Structures are given as C-alpha cells and as structure tokens.
Amino acid sequence: MWQSIKIANFVIVTTMLLFHGCSIYVSTTSKELKKNRFLVLSMYLSLSDSALGLEFIYHNILVFMNPQGVTFQYQCLLIQHLIGGTIMSSLIQTLLICIERLNATFTTQKGILVFVCSNKGVLLYFILSHCIALLRFGMATIDGPVPCDPKNTTTTLCLFSHDIPCLCIVVAIISCYGVVVYRMIRSQNVLQTSSMTESQVAKKKAKAIRTRRNAVTLGLIIAVSLVAVLPRSMLVFYSYMWNTCAITGTLTIIVNNIFLLLNPVVDPVIYVLRIKKYRQYLRCKCLKKNTVSDLTHSTAVSQNVYID
C-alpha cells in the first residue's frame, strides 16, 4: 500500500511539474501576457507549486533511502515542515489572485489592494510562510529528533500553526470570490436600467458570457481548494479533539500525498489553460514556433485578458 501511494505521488508530482513548466515557459516568453497582472500572479503561483513538487520529490528520495540515522530524521522532518510552508504560500498566492480579480471590478483600482498584490508582497508572503515552517520545525525538535512518521504532521503544533491558518485562507478565498461574483452581477444589473445603443447591447451580452464563464471557473477554484484542504484539516482536528492515536498511518499518507497535491495540479488548468489567449500562445509555442509574431498580431484585440 505504501509503495502504491508513493508511486501515485510521484506520477502526480511529475504531471504537476510538467503543467507548471509549460505555464512558466509561456508566461515568461510572451511579452503581451507578462503585461497582465493576473497572469503574473498565476506565474508566481506556478513557481510556488513547482517548489512544492521538488520538495515532494526530495522527500520521496529520503523515504526510499530509509536510513535510520539522526541526520536522516532531521532532514525528513525539516522537508515535511517546508512542504507545509510551501502549501501555505501557494494558498496565499491563490488568495492574491482573488484580490487582484476583486480589484479589477473597481473602476479605479484601490491602492491598498495593488500594494498587497505587488511583487514585494508576493516575496514577503513566501518568506513569511517558510519562516513559520522553520519555527515549527525548531519547536518540534526541542526534545531531539523524532521518527520520520506521517503521523508527526498531525500534531497539535501543526494544527494551530498550519492547518487552521490554511483553512482560514481558504475561507478568505471563498469570501473574496463571492464578493467578486456579487460585484459582477451587480454591475450587470446597473447596466440593465440604462438605455443602451445596439453596440452597447452587444458589449453587454459579451460581458454576460464572460461573467457566466468566470462564475464556473471560480466555482472550480473553490471546490478544488476545499477538496485539497478540508480532508487534512478534519483529520488533524479529529486527532486533537478526541486525543486519539487510532488514525492509521495509511490514511495520513493518503491525505498528505494525494489530496494536498490536487490544488497545485489543477491550478494551471484553472488559472491558465482556461484563458483563451494563453491557449493560443501555448499552441503557438509548442506547434507553430515560427508564427508567434503573426499570431500575436492577429489576436491582439485588447490589452485585457479574460477568463474564457
């Protein structure tokens, strides 16, 4: 069972790195896409998820080597906590994308929201989440090294320093996107009360289509985030409330190696592959490398990139 789970984990991580590699390549080589803040934040999310994949690979190597020395135990425990820090960082990146979409619904962008989603902010949140992970690692090893057991990631320390903050971030993501959808619907209702010309009606219909597609995409984001985070949070909370060790190591391994990877695997599909202009650039880069400039010229109808 253990070997099957680790093989499945390796397949998921490999797929995740492939997806995010394509995402980062297209985002960094297309000047037009780099001008859109939404896609820049998506690229940062891909970088964070790629770091998560590399950490999982290193952890798998340590597990397969299975040495019993103190150095191995410290390394294994350290990488487990760093994985937790990177997961928290990726959730924060997702929240930043939510905030950026919220800011886009205002006629004039809010300065505080622009600052929160700035490059300096992205770097700060990444460092902060890993500082929390390192602090948690230090507290976990006060009494000396502990075995590299998956159950050691379901302790009370992990509950209050990782699982509850991650759950709060997911709630913030859901709330933020709820506000985004509400503001989009409200803006449509405002337009309905005004007299419109034929061209305005056409623009309104196009906007309504984009709104429906946005709602579907946002629903997928919420669903994937919940499926990825809730199982582990419920598992750790159950262990804390009932103070029981009856939780099997296999269940913990499945949650840590399968469910937590769902969000980073689906991220490039939701945030990038659903963007029409990105798909055009991806086909251009992979299949018709010599026609990049022609495609850019023929499809550049707007400076805004919409989810489709």
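The values are calculated or read from the model by the stated rules, or taken from the named source; none is laboratory data. No experiment lies behind these values; they were computed from the predicted model shown. All Cβ positions, glycine included, derive from the backbone under ideal geometry; neighbour counts span all protein chains shown. Quick note on the areas: whole protein, heavy atoms, side chains included, nothing else; ligands and nucleic acids left out. Shrake-Rupley method; radii C 1.70, N 1.55, O 1.52, S 1.80 Å.
Using Cα pairs under 8 angstrom and six or more residues apart, how large is the relative contact order of the stretch 13-70, in percent? Let's see the in-between values first.
Values: 29 pairs, mean separation 23.8, N = 58.
Relative contact order for the stretch 13-70 comes out at 41 percent.
Grab the beta carbon distance between residue 186 and residue 35, set R0 = 30 Å, and tell me the FRET efficiency rounded to 0.05.
In this case the efficiency is close to 0.60.
For the stretch 103-116, in order, what is each residue's ³J(HN,Hα) by Karplus, 6.51 cos²θ - 1.76 cosθ + 1.60 with θ = phi - 60°, in whole Hz (x at glycine and Pro)?
The phi angles translate into 5, 5, 7, 8, 4, 10, 5, 7, x, 5, 6, 4, 5, 4 Hz.
Per residue, how much accessible area does the stretch 1-113 have with a 1.4 Å probe, in Å²? Write out the running numbers ahead of the final one.
On the way: 4950 Å² over 113 residues.
Here the per-residue accessible area is 44 Å².
Keeping the other protein chains in place, figure out the carbon and sulfur percent of the accessible area of the stretch 1-65, with a 1.4 Å probe. Working shown, then result.
Working: 2280 of 3010 Å².
Carbon and sulfur together cover 76 percent of it.
My understanding is that a pair violates if its Cα-Cα distance is over 32 Å; which of 110/204; 110/276; 34/204; 35/205; 34/203; 6/120 do that in this structure?
As for pairs spanning more than 32 Å Cα to Cα, those are 6/120.
Would you kindly calculate the translational diffusion coefficient of the stretch 21-73, applying Stokes-Einstein with the Kirkwood radius from alpha carbon pairs, for 4 °C and a viscosity of 1.567 mPa s, and quote it in µm² s⁻¹ without decimals?
Estimated via Stokes-Einstein, D reaches 98 µm²/s.
Loop only by DSSP, 14 or fewer other Cβ within 10 Å of the Cβ. Give me the chymotrypsin sites (Phe, Trp or Tyr not before Pro) in the stretch 84-153 that pass, ordered by residue number.
Sparse-neighbourhood loop chymotrypsin sites (Phe, Trp or Tyr not before Pro): 106.
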